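The next block holds one structure in the form of structure tokens; read it before the comments.
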Amino acid sequence: MRNAVTTSLTKIKKMQKIKVIGAGLAGAEAAWQLAKRGIAVELYDMKPHKKSPAHTNDLFAELVCSNSLRSNRLENAVGLLKEEMRLLDSLVIAAADKTQVPAGGALAVDRERFSAYITEKLKKHPNINFISKEITQMPSPPAIIATGPLTSDSLSRAIADFVGLEHLSFYDAAAPIIYKDSIDMRYCFRASRYDRGNDYLNCPLDEATYNNFVEELANAQTVPVRGFEDGKVFEACMPVETMAKRGFKTLAFGPLKPKGLKDPTTGKMPYAVLQLRQDDADDSLYNLVGFQTRLTFPEQKRVFGIIPALKEARYARYGVMHRNTFINSPKFLNRFYEVKNTPNLFFAGQITGVEGYVESAASGLLAGLSLFASLTGQERPEFKNNTAIGALAQYISKENSNFQPMNVNFGIMAELDKKIRNKQERYRQISERALEEIRKLNTNLKP
């Protein structure tokens, strides 16, 4: 196999260089995985000549919203994802470990040092040629497109022409998703409106609770609107806090309307009802129906916790409303982040519908490994959904009629083959199983 790979690499060196478009976290990781395996890479980015409205410096892998890469613990899915990536020699995680700052159980970094570390590693690598240029057309394969949620207008149009405009979302308006086991079932009942089944969990509110909720919601702290997030995003998908400000009864006639529902404990229609819709095949995640919001994450937890059934709710994903270019990946990408009908053309990062810094880098890692295997005639790595990396890849490629960006979480991973009541122990065993799987794969993926 080693001789075959060496022969393949010799042939590749005579070909055109592999294009990686975008030097954010996903693009940086993809370029690294290819280059360290002997593949010549042309890494394109608009910086420093042109920046998106969210970026401020000239470095690669710039962290925009936060310096935190979230939990480092194996009892947390993103902690598992980071450990999987460490085993696979992730550049992004290595940079984070090198530039870590105190943050309790989280992995937080010095932003400037983090980006500088990645920039230096990539620019000094002999197999990477950095080209500062805005790409405005779809590249020919082999290539990886990792231009992020703020892809330039020109390239966005080119992608829209390629995948079909109706399958490209220019704005993200996602309601929060909570873990089912954190819902207080004493304060909800299962039913659909007008006795049409029992597909929803319904969280009733009495008049006093509703009034308190609306008042707190209307006065809660929201995320500021940036210049590039113009108000038109909200016309078709109004935030719940905006509805609350339009009148005390607005929500009761909107997402909290009780019509067609009967509370079995009273035999009457509640004053108001929040409906929760199942969000995954394993029935572990639930979506707050109609609750798109611009509230800050702490305020979402506080204000939505006024609803009795959600007092102790844990969030797999908080609600967001912002500019976020992403494709309807289940229609176009396979589990390797490759375009289904265009071999060796890959997407990676938030443009695929993975949400978060670590998740973006993980998608770039998998895309890079997959393209390397394809170019050298090796078998592609089969990351199953008992790993965090594989579960993310399957989430973005599995048929989904209401596809929305998603953070990594245990709800999208395969269950254990045994029941474990203690949640932390269950998550730890899921993580241990995943890491064992990655160790086996890692042996076969070394250059």
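Of the residues Leu369, Leu445, which is open to solvent by less than 30 Å² (accessible area, probe 1.4 Å), modelled with pLDDT of 95 or more and hydrophobic (A, V, I, L, M, F, W, C)?
On inspection, the qualifying residue turns out to be Leu369.
Yes or no, residue by residue, for (1) open to solvent by 50 Å² or more (accessible area, probe 1.4 Å); (2) touching a strand residue (DSSP E or B) at 6+ places or on another chain (Cβ under 8 Å); (3) at pLDDT 95 or above:
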{"site": "Ala35", "(1), (2), (3)": "no, yes, yes"}
{"site": "Met46", "(1), (2), (3)": "no, yes, no"}
{"site": "Thr56", "(1), (2), (3)": "yes, no, no"}
{"site": "Ala61", "(1), (2), (3)": "no, no, no"}
{"site": "Ala95", "(1), (2), (3)": "no, yes, yes"}
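Would you confirm whether or not region 297-309 contains a residue that is of a type in the set (Gly, Ala, Ser), modelled with pLDDT of 95 or more, surrounded by fewer than 22 Cβ atoms within 10 Å (Cβ to Cβ) and under 21 Å from Cys203 (Cα atoms)? Can you show your working first?
First pass over region 297-309, keeping only residues of a type in the set (Gly, Ala, Ser): 305, 309.
After this cut, where a residue has to be modelled with pLDDT of 95 or more as well, the list is 305, 309.
Filter once more, so that each one left must be surrounded by fewer than 22 Cβ atoms within 10 Å (Cβ to Cβ): 305.
When the remaining residues are screened for being under 21 Å from Cys203 (Cα atoms), the result is 305.
The answer is yes; a qualifying residue exists.
Please verify whether Phe410 is open to solvent by 10 Å² or more (accessible area, probe 1.4 Å) and within 12 Å of the chain's Cα centre (by Cα), treating the condition exactly as stated. Walk me through how you get there before you give the answer.
Values: open to solvent by 10 Å² or more (accessible area, probe 1.4 Å): yes; within 12 Å of the chain's Cα centre (by Cα): no.
So Phe410 fails the test.
Would you be able to tell me the number of residues in region 176-187 that are at pLDDT 95 or above and open to solvent by less than 50 Å² (accessible area, probe 1.4 Å)?
3
Return the total of residues in region 188-199 being assigned to a loop (DSSP other than H, G, I, E, B) and either among the hydrophobic types (A, V, I, L, M, F, W, C) or surrounded by 12 or more Cβ atoms within 10 Å (Cβ to Cβ) (or both). Spell out the reasoning first.
Here is the first cut: in region 188-199, the residues assigned to a loop (DSSP other than H, G, I, E, B) are 188, 192, 196-199.
Next cut, either among the hydrophobic types (A, V, I, L, M, F, W, C) or surrounded by 12 or more Cβ atoms within 10 Å (Cβ to Cβ) (or both) only: 188, 192, 199.
Adding up the residues that qualify gives 3.
Any idea which of (1) buried (at least 20 other Cβ atoms within 10 Å of the Cβ); (2) outside any strand (DSSP E or B) is the one Gly290 doesn't satisfy?
Status for Gly290: all satisfied but (1).
Conditions first: (1) touching a Gly at 6+ places or on another chain (Cβ under 9 Å); (2) at negative phi. Glu415 passes all but one, so which condition is the exception?
Failing condition for Glu415: (1).
Where residues in region 205-226 are outside any helix (DSSP H, G or I) and open to solvent by 80 Å² or more (accessible area, probe 1.4 Å), which of them is modelled with the lowest pLDDT?
Arg226
Would you confirm, using the coordinates I've provided, whether Val233 is assigned to a helix (DSSP H, G or I), modelled with pLDDT of 90 or more and surrounded by 13 or more Cβ atoms within 10 Å (Cβ to Cβ)?
Values: assigned to a helix (DSSP H, G or I): yes; modelled with pLDDT of 90 or more: no; surrounded by 13 or more Cβ atoms within 10 Å (Cβ to Cβ): yes.
So Val233 does not fit the description; no.
May I ask you to verify whether Asn202 is open to solvent by less than 10 Å² (accessible area, probe 1.4 Å) and more than 30 Å from Met46 (Cα to Cα)?
It is true that Asn202 is open to solvent by less than 10 Å² (accessible area, probe 1.4 Å) and more than 30 Å from Met46 (Cα to Cα).
For region 258-281, which residues satisfy the criterion of being open to solvent by 10 Å² or more (accessible area, probe 1.4 Å) and closer than 24 Å to Arg317 by Cα?
The answer is Gln275, Arg277, Gln278, Asp279, Asp280, Ala281.
Give me a count of the residues in region 123-144 that are part of a loop (DSSP other than H, G, I, E, B), surrounded by fewer than 17 Cβ atoms within 10 Å (Cβ to Cβ) and not β-branched (Val, Ile, Thr).
5
Are any residues in region 394-447 part of a helix (DSSP H, G or I), of a type in the set (Lys, Arg) and in contact (Cβ under 8 Å) with a residue 60 or more places away in the chain, and if so, which ones?
Lys423, Arg428, Arg439
Which residues, counting only those in region 150-165, are among the aliphatic types (A, V, I, L, M), open to solvent by less than 40 Å² (accessible area, probe 1.4 Å) and not in a loop (DSSP other than H, G, I, E, B)? Give the derivation first.
Going residue by residue through region 150-165, those that are among the aliphatic types (A, V, I, L, M) are 150, 155, 158-160, 163, 165.
Cutting the leftovers down to open to solvent by less than 40 Å² (accessible area, probe 1.4 Å) gives us 150, 155, 158-160, 163.
Leu155, Ala158, Ile159, Ala160, Val163 - these are the residues of region 150-165 that are among the aliphatic types (A, V, I, L, M), open to solvent by less than 40 Å² (accessible area, probe 1.4 Å) and not in a loop (DSSP other than H, G, I, E, B).
Could you go through region 301-314 and let me know if any residue there is within 19 Å of Val78 (Cα to Cα), in contact with a helix residue (DSSP H, G or I) (Cβ under 8 Å, 6 or more places away or on another chain) and assigned to a loop (DSSP other than H, G, I, E, B). Let's see the steps before the verdict.
Of the residues in region 301-314, the ones within 19 Å of Val78 (Cα to Cα) are 313-314.
Still in the list and also in contact with a helix residue (DSSP H, G or I) (Cβ under 8 Å, 6 or more places away or on another chain): 313-314.
Going one step further and asking which of them are assigned to a loop (DSSP other than H, G, I, E, B), we end up with 313-314.
Among the residues of region 301-314, at least one is within 19 Å of Val78 (Cα to Cα), in contact with a helix residue (DSSP H, G or I) (Cβ under 8 Å, 6 or more places away or on another chain) and assigned to a loop (DSSP other than H, G, I, E, B), which makes the answer yes.
Just to be sure before I move on: is Thr147 at pLDDT below 95, surrounded by 16 or more Cβ atoms within 10 Å (Cβ to Cβ), within 25 Å of Phe60 (Cβ to Cβ) and among the hydroxyl-bearing types (Ser, Thr, Tyr) in the structure I sent?
Working: at pLDDT below 95: yes; surrounded by 16 or more Cβ atoms within 10 Å (Cβ to Cβ): yes; within 25 Å of Phe60 (Cβ to Cβ): yes; among the hydroxyl-bearing types (Ser, Thr, Tyr): yes.
Judged against the criteria, Thr147 is a match.
Could you run through region 380-406 and say how many residues are surrounded by fewer than 17 Cβ atoms within 10 Å (Cβ to Cβ) and either in contact with a strand residue (DSSP E or B) (Cβ under 8 Å, 6 or more places away or on another chain) or among the small types (Gly, Ala, Ser) (or both)?
Number of matching residues: 1.
Under the condition of being surrounded by fewer than 21 Cβ atoms within 10 Å (Cβ to Cβ) and of a type outside the set (Lys, Arg), which residue from region 321-335 is modelled with the lowest pLDDT?
So in region 321-335, the residues surrounded by fewer than 21 Cβ atoms within 10 Å (Cβ to Cβ) come out as 322-323, 328, 330-331, 334-335.
From what's left, of a type outside the set (Lys, Arg): 322, 328, 330, 334.
On the way: His322: 63, Asn328: 88, Pro330: 93, Asn334: 97.
Restricting to residues being surrounded by fewer than 21 Cβ atoms within 10 Å (Cβ to Cβ) and of a type outside the set (Lys, Arg), the top hit is His322.
The values are calculated or read from the model by the stated rules, or taken from the named source; none is laboratory data. Quick caveat: nothing in here was measured; it's all calculated off a predicted structure. FYI the Cβ positions are ideal-geometry reconstructions off the backbone, even for glycines, and counts take in every protein chain you see. For accessibility, only protein heavy atoms count, side chains too; no ligands or nucleic acids. Shrake-Rupley method; radii C 1.70, N 1.55, O 1.52, S 1.80 Å.
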